[in-house]
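One structure is given below, encoded as structure tokens.
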Amino acid sequence: MIYQGKARHPVREVVLHCAAINTGQFDGMPPLQVFATINRWHTERGFKNGFGYHGLIMPSGIFYRGRPVNMIGAHVIGHNAGTLGFLLIESQKITHVGKFSDWFTYAQDKVLRGILEDLRLSHGIQTVTGHNDHANRLCPGFKVSEWL
């Protein structure tokens, strides 16, 4: 089990996100540059610890770690403690997955499913949701329950 913050909130859920960007805005950028850009945006918005997600997944499938999993994220207002937030970066240049094709690639699908399975087996993650399950948002652009 993963615990977050001083109150040691047990982490039982993963929340998926897509970046609020123009599709393909980050095409060609290395993961560190994407991370640095989003970190700057979050810092400018007043996020105390910058980058609000626990990781991002590039269209190529490269996973880049964000906040430590034992640190509460800043990814869903009112629903951060006890959750991990992962950000999918969209691309317009890569072949995409089935009916979710507007949102993520085959490589992202494979990596994300592996991460989720590892978290389920190793840390007792019970639920995977989308930002749109907790707020009136399009993000991540699909119903996670239909994808799973």
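Label-to-label distance for Ala81 and Glu117 is 3.4 nm, based on points extended 7 Å past Cα in the beta-carbon direction.
Which one is right for this structure if semi-axes √(5λ) of the Cα gyration tensor in Å is calculated from it: (i) 22, 18, 14; (ii) 30, 19, 13; (iii) 25, 18, 14? Read-out from the structure maps to (i).
Potential lengthening of the chain between His9 and Ala36 amounts to 7.0 nm, from the contour at 0.36 nm per residue minus the alpha-carbon distance.
Of the beta bridges in region 11-147, as assigned by DSSP with both residues counted there, near 25 percent are antiparallel. A simple charge model with +1 on the Cβ of Lys and Arg, -1 on the Cβ of Asp and Glu and nothing else charged puts the dipole of region 11-147 at about 220 debye relative to its Cα centre.
Every read-out reported here was derived from the displayed coordinates using simple, explicitly stated rules and does not represent laboratory data. Computed from a prediction, not measured in an experiment: that's the story for all the values here. Cβ atoms come from the backbone with ideal geometry, glycine included; neighbour counts cover every protein chain shown.
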